[in-house]
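K.L.:
Just passing along the structure, written as structure tokens.
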Amino acid sequence: MNLTDNIKIEKSWKDQLVDEFSKPYMQQLKQFLQQEKQAKKIIYPKGDHIFNALNLTPFDEVKVVILGQDPYHGPDQAHGLCFSVMPGVRIPPSLLNIYKELKTDLNIPPVRHGCLESWAKQGVLLLNTVLTVEEGKAGSHQGKGWEQFTDQIITKLNARQKPVIFVLWGKYAESKSHLINSTHHYILKSAHPSPLSARRFFGNKHFSTINKILESEGIKPIQWQLPEVVERA
């Protein structure tokens, strides 16, 4: 019995991470989540969205990794992709700032929703380092085992021959840079898009830089323009 028994994980990622699911930390994490559920606590995202980042961006198709920290902890927000929210939900401040940078960098106008699935489907792994959270309690599932699991995701990508662009916004994301071989892969760093540090985030031109790198590697660039309308999942 392991964490994936009732949750679908895309095959290429399951093959990469199969050994993790039998390790003690993952069994302890599963037990913790079961206890939280039994205590009637509301956990985000819902179960079939926990591994959404992996399910939408298969291992061999990853071109870019954008690292987040926790899922959003409000109702109907989190759906397993960092910085992204479900269609119909108010766009969070950090994502509004990401849209502002997109407009400045590539003259891409912001859309009226916050769903980033189209990026994920093009090879942008939108990975939070902690994959669950209790409603209304930011950081409540930190230190429970998710970080060890997501470090393995980064480590597996780092071992890949095909180069990956790792986008590290803010000090927490930058703390993962030791897992990445910067002579083989690309690392882009800047301040976090949060309103607290956005002044230093603006002007990083990461979106155009990513596409220039991809083109230099002979890889199809990302279409950053999001669709105007997204069906609610």
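K.L.:
Rg over Rh of segment 44-108, using C-alpha atoms and the Kirkwood radius, what does it come to? Walk me through the intermediate numbers first.
P.N.:
Numbers: Rg = 13.0 Å, Rh = 13.1 Å.
In segment 44-108, Rg relative to Rh is 0.99.
K.L.:
Are there GluC sites (Glu not before Pro) in segment 129-233 that DSSP marks as loop and that have at most 10 other Cβ atoms within 10 Å, and which are they?
P.N.:
When the GluC sites (Glu not before Pro) of segment 129-233 are filtered for loop state and at most 10 Cβ neighbours within 10 Å, E228, E231 remain.
K.L.:
Return the single residue from V18, V64, V89 with maximal mean-square fluctuation; model: Gaussian network over the chain, springs between Cα atoms under 10 Å.
P.N.:
It is V18.
K.L.:
For every other residue with a beta carbon closer than 14 angstrom to the beta carbon of A120, add +1 if it is Lys or Arg and -1 if Asp or Glu, then tell me the sum.
P.N.:
-1
K.L.:
Give me the angle, in degrees from 0 to 90, between the Cα long axis of helix 206-216 and the longest principal axis of the Cα atoms of the chain, rounded to the nearest 10.
P.N.:
80 degrees
K.L.:
Compare the Cα positions of S175, S118, G47 along the charge dipole of the chain (+1 at Cβ of Lys, Arg; -1 at Cβ of Asp, Glu; about the Cα centre) and return the one farthest towards the positive end.
P.N.:
So the residue we want is S175.
K.L.:
OK, next. Pop out the carbon and sulfur fraction of the accessible area of the chain as a percent, whole number, probe 1.4 Å.
P.N.:
On the way: 5660 of 11230 Å².
Carbon-and-sulfur percentage of accessible area, whole number: 50.
K.L.:
Moving to a separate point now. About the Cα centre of the chain, what is the dipole size in debye to 20, counting +1 per Lys and Arg Cβ and -1 per Asp and Glu Cβ, all else neutral?
P.N.:
400 debye
K.L.:
What is the Cα centroid distance between segment 173-187 and segment 88-147, reported in whole angstrom?
P.N.:
Distance between centres, Cα-based: 21 Å.
K.L.:
Is it possible to state the helix-based mean residue ellipticity at 222 nm for the chain, with each DSSP H run of 4+ residues giving -39500 (n - 2.57), the sum divided by total residues, to the nearest 500 deg cm²/dmol? What is it?
P.N.:
Values: 9 runs with 77 residues, N = 233.
The helix contribution divided over the chain gives -9000 deg cm²/dmol.
K.L.:
Still on this model: I'd like the trypsin sites (Lys or Arg not before Pro) in segment 190-232 restricted to DSSP loop residues with at most 13 other Cβ atoms within 10 Å, sorted by number.
P.N.:
For trypsin sites (Lys or Arg not before Pro) across segment 190-232 that sit outside H, G, I, E and B with at most 13 neighbouring Cβ atoms in 10 Å, the list reads R232.
K.L.:
Which of D19, D76, D60 moves the most in a Gaussian network model of the chain with Cα springs under 10 Å?
P.N.:
Looking only at D19, D76, D60, the largest GNM fluctuation is found for D19.
K.L.:
Another question, then. Using Cα atoms only, what is the angle between the long axis of helix 93-106 and the major principal axis of the chain, expressed in degrees (0 to 90) to the nearest 10?
P.N.:
30 degrees
K.L.:
Right, something else. Tell me, what is the per residue accessible area of the chain in Å², probe radius 1.4 Å?
P.N.:
Working: 11230 Å² over 233 residues.
Per-residue value: 48 Å².
K.L.:
Classify segment 80-233 from the C-alpha gyration tensor, please: rounded if a/c falls under 1.5, else prolate or oblate depending on whether a/b exceeds b/c.
P.N.:
It is rounded, given that a/c, with a ≥ b ≥ c, falls under 1.5.
K.L.:
Local charge sum around I43 (other residues, Cβ-Cβ under 13 Å, Lys/Arg +1, Asp/Glu -1)?
P.N.:
Values: positive: K30, K37, K40, K41, K46, K137, K144; negative: E36, D48, D70, E134, E135.
Result for the neighbourhood of I43: +2.
K.L.:
May I ask for the angle, rounded to the nearest 10°, between helix 24-38 and the longest principal axis of the chain, with both axes built from Cα atoms and the value confined to 0 to 90°?
P.N.:
Orientation of helix 24-38: about 80 degrees from the principal axis.
K.L.:
Quote the charge dipole size of segment 61-145 about the Cα centre in Debye, to the nearest 20; the model charges only the Cβ of Lys and Arg (+1) and of Asp and Glu (-1). Don't skip to the answer; put the middle values down first.
P.N.:
Numbers: 8 positive and 8 negative charges, 32 e Å.
Here the size comes out at about 160 debye.
K.L.:
Mind checking which lysines have their Cα closer than 26 Å to the Cα of K30? Skip sequence neighbours fewer than 8 apart in that chain.
P.N.:
Correct list for K30: K8, K11, K14, K40, K41, K46, K137, K144, K156, K176.
K.L.:
While we're on this one: Specify whether the C-alpha gyration tensor of segment 81-124 places it in the rounded, prolate or oblate class, a ≥ b ≥ c being the square roots of the eigenvalues: rounded for a/c under 1.5, otherwise prolate if a/b is larger than b/c and oblate if not.
P.N.:
oblate
K.L.:
In addition: Determine the sum of side-chain charges near K189: Lys and Arg each +1, Asp and Glu each -1, restricted to other residues whose C-beta is under 13 angstrom from that of K189.
P.N.:
Result for the local shell: +3.
K.L.:
Checking the a/c ratio against 1.5 first, then a/b against b/c, what shape does the Cα gyration tensor give for segment 1-118?
P.N.:
oblate
The values are calculated or read from the model by the stated rules, or taken from the named source; none is laboratory data. All of these numbers come straight from a predicted model, not from anything done at the bench. Backbone-built Cβ (ideal geometry, glycine too); neighbour counts: all protein chains shown. The accessibility values were calculated without ligands, DNA or RNA, using every heavy atom of the protein model including side chains. Shrake-Rupley method; radii C 1.70, N 1.55, O 1.52, S 1.80 Å.
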